[in-house]
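Below is one structure, written out as structure tokens; the observations come after it.
The values are calculated or read from the model by the stated rules, or taken from the named source; none is laboratory data. Given the structure is predicted, the values throughout are model-derived calculations rather than measurements. Because the Cβ atoms are built from the backbone with ideal geometry, glycine has one as well, and the counts that use them run over all protein chains shown.
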Amino acid sequence: MAGEGSRRPLAALLTADAISLSGNAMGFVAIPWFVLETTGSAALTGVVAALTYAPTVLATFFGGAIVDRLGFRSTSVFADVLSGVTVAAIPLVHLTVGIELWQLLGLVFLGALFDAPGATARRSLLPDLVELSGARLERATGINGAIQRGSLLVGAPLAGVLVGVLGATNVLWLNAATFAVSAFLVARLVPPLAAHANTEEPGKHLSEILAGLRFVARDPLMRMLVLMVLITNFLDAPFMVVFSVFALENFGSAVDLGLMLGVFGGAALLGSLAYSVVGHRLRRRPTFVFSFLLAALPYLALALMPSLPVTLVLMAAWGLAAGPLNPVLATVAYERIPAHMRGRVLGATAAGAYLAIPAGAVLGGLVVEWIGVGATLAAIGVCYLVVTSAGVLNRTFRQMDPEPEPARA
């Protein structure tokens, strides 16, 4: 059985992720609200969201090979330091000479560019630290998924309050501080690990990236999962644009927007934690498909523009349904990806998942201005149901569940 010392690195990694993601959730609320409040344009808010995601796609795709070469731990620390410096520059410029929109966009672009390899490195570290601790993989991915979802529970409501009190750009001071704490925890408490055996000859950066792409292309299940997540992420991309407008038109307050996101994050936290406890007993394909189908229904219900209490109930139901999704995906990926290729393949899959988000964010803002927020929510909900039904019909998804071990004589 693993001792306390072997569990400490895993706890440190999960804590670093929790702190960093909570800080990012503050920026997730503060930046779109700042743009919408100052310009009144949903379309421009969508452009800002697109520029936030675009560097993430580039950095996860091209940075995966760097993660494998530099090492998971070193990349995590280095990327956090650079991200923290970049984000801290936003309030610094604001307090000294005053920040303009183009400057804000440039700094947000750089922050996302540095943040993505760090996130990939921490994801790549997780299976090694799980093995060191002796924990179940499903339990660790469930807790990690709860942290990812639950960061909204802390960051979003806090950002909603602080935006009203301090202003949107000042909230980013806390975001910068979270990167510093994350870097410290990983550098101090996660030990250097032995390199994974690599049977491949070292190649050029591009050839190593292409190796990650070939792995995804040749694995039918990984290929289908990336495609499905790409399409649903496209549909989810206008999330902050749509719900910023929804909250502004329905309730008129950033605090209510933060409350909506916080309820969603809290419910998703519970859903992920529940999976961490019972996930090893559940079949993955039914869990994945059922959760995805349920995630479509709140879009349709929110299209009716309900009151705040009803809205919060719907956000809670949505969060519970979404909670197991990332843990299931992570568990399947960790089981199928060779350890020495983890950075490249996870980078390629993340880039594929994020690829359509910029276009979806821009298109979502335009559609909201064209047909209104209620009709936009209804259209997204219908498309979501059509796409996720593929999980029921496509036999490839049956590979998500491992083959049962043969009975012993």
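Consider residue 145 carefully, then state whether it is within 13 Å of the chain's Cα centre (by Cα) and under 17 Å from residue 332 (Cβ atoms).
Working: within 13 Å of the chain's Cα centre (by Cα): yes; under 17 Å from residue 332 (Cβ atoms): yes.
When the stated conditions are applied, residue 145 passes them.
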Considering only segment 351-374, I want to know if a residue exists there that is in a helix (DSSP H, G or I), of a type in the set (Gly, Ala, Ser) and modelled with pLDDT of 85 or more. yes
With the structure loaded, tell me whether residue 382 is surrounded by 17 or more Cβ atoms within 10 Å (Cβ to Cβ) and modelled with pLDDT of 75 or more or whether it fails that test. no
Taking segment 97-116, which residues are among the aliphatic types (A, V, I, L, M) and closer than 19 Å to residue 77 by Cα? 110, 112, 113, 116
Top-ranked residue of segment 66-90 - restricted to ones that are crowded, with 24+ Cβ neighbours inside 10 Å, of a type in the set (A, V, I, L, M) and over 10 Å from residue 117 (Cβ atoms), ranked as modelled with the lowest pLDDT: 90
Can you tell me how many residues within segment 332-366 are closer than 29 Å to residue 262 by Cβ, β-branched (Val, Ile, Thr) and surrounded by 23 or more Cβ atoms within 10 Å (Cβ to Cβ)? 2
Matching residues in segment 284-331 - criterion: being farther than 18 Å from residue 388 by Cα and surrounded by 22 or more Cβ atoms within 10 Å (Cβ to Cβ): 302, 311, 315, 330, 331
